[in-house]
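Reading through the structure tokens given below for one structure.
Computed from the coordinates by the stated procedures, all read-outs in this text should not be read as laboratory data. It should be emphasised that the depicted structure is a prediction, and the values quoted were computed from it without experimental measurement. Positions of Cβ are generated from backbone atoms using ideal geometry, with glycine treated the same way; all protein chains shown enter the neighbour counts.
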Amino acid sequence: MSQKIEGVPPPAVRGIDPAAGRVAPAGADRSAPVQAAQPGDSLRLTGETAGLQALQRELAAAPAVDAARVAQVRQALEAGSYRADPAAIADRMLRMERLLG
């Protein structure tokens, strides 16, 4: 599976320190070095992004393997009662391919 990413991401939003933009009044002491404004990058997440982050945390906490289902299939295999349906397997594989493609 591959994805093509096009375009350039939007520029970062920067906060501006109001004090940094002031001009010294005429006749003011200018012997002190000028201090650069501290960068104040900020980030605002959309509701969709926050939802995706919550989903990611939820999936990370979930077990990768359903132990109960594995035990159920193992018992069926040992008992000889497990039957695979090749048509259903092929159908699901094709459906997944359509979703990915």
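Charges at C-beta only: +1 for Lys and Arg, -1 for Asp and Glu. How large is the resulting dipole of the stretch 45-101 about its Cα centre, in Debye rounded to 20?
Magnitude of the dipole: close to 80 debye.
On the Cα set of the stretch 45-101, report Rg and Dmax in Å, please.
For the stretch 45-101, the Cα-based Rg and Dmax read 17.5, 53 Å.
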